[in-house]
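Heads up: the structure comes next, in structure tokens.
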Amino acid sequence: MMVDQSDSKSEHDETDMTEMLNELRILLPGAQLLNGFLITLPFNSGFQQIVQVEKWVFMATFLCSLSSLILFTTPAVQHRVLRPLDDREKFKNGASKQMLVGAMFLSLALVLCANLVTAEVVGHPLGGGVAALVSSMILALWWVSPWWRRRTRKKVNA
């Protein structure tokens, strides 16, 4: 029995879309929670007492967090607007890139947030240290490790 290549491609395409949606279901609540936390900060009474540098760090954190939230929700909005999809493969590739850029902004927001909170609680030197630690963890676990696995997999398959 011969397998129809278009059926196989369609099944793979559907699996990829499902996986992408599941990944968004993991990323989106974190970005929403961080945005919710950041939105409330300027309305707290003590916010006006923080130094100007911390206000700029806050703004950078907020803008990175907001950007990640926008990029994580973009595929859903675009999917609704473009329905029915003419080119699922092109849409999926574009959405995947949007998710990765969103993850980059979320990475920056988490590092900046770690700095902001730690600096406020225990001082700037330790805030920088915690931000460096968080940055190292995100860099290693989110970016370098998958890149390394992908590279090793390509070498094995070559």
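The values are calculated or read from the model by the stated rules, or taken from the named source; none is laboratory data. In this text, all values refer to a predicted model and were calculated from it rather than measured experimentally. FYI the Cβ positions are ideal-geometry reconstructions off the backbone, even for glycines, and counts take in every protein chain you see.
Is it the case that some residue within the stretch 18-35 is touching a Lys or Arg at 6+ places or on another chain (Cβ under 7 Å) and of a type in the set (A, V, I, L, M, F, W, C)? Scanning the stretch 18-35 turns up at least one residue that is touching a Lys or Arg at 6+ places or on another chain (Cβ under 7 Å) and of a type in the set (A, V, I, L, M, F, W, C). Kindly indicate whether any position in the stretch 126-141 is in a helix (DSSP H, G or I), at pLDDT below 95 and under 17 Å from Thr61 (Cβ atoms). Looking through the stretch 126-141, at least one residue is in a helix (DSSP H, G or I), at pLDDT below 95 and under 17 Å from Thr61 (Cβ atoms).
Only one entry of Phe47, Phe72 meets the criterion of being modelled with pLDDT under 95, among the aromatic types (Phe, Trp, Tyr) and either in contact with a Gly (Cβ under 8 Å, 6 or more places away or on another chain) or closer than 29 Å to Gly129 by Cα (or both), and that entry is Phe47.
Considering Glu89, Glu120, the condition of being closer than 20 Å to Phe47 by Cβ, of a type in the set (Asp, Glu), part of a helix (DSSP H, G or I) and touching a residue at least 40 places away in the same chain (Cβ under 8 Å) is satisfied by Glu120 alone. Here Ile70 fulfils each of the conditions (1) under 21 Å from the mean Cα position of the chain (by Cα); (2) surrounded by fewer than 14 Cβ atoms within 10 Å (Cβ to Cβ) apart from (2). In this entry, Met20 is excluded by the filter for residues that are at pLDDT 95 or above and part of a helix (DSSP H, G or I).
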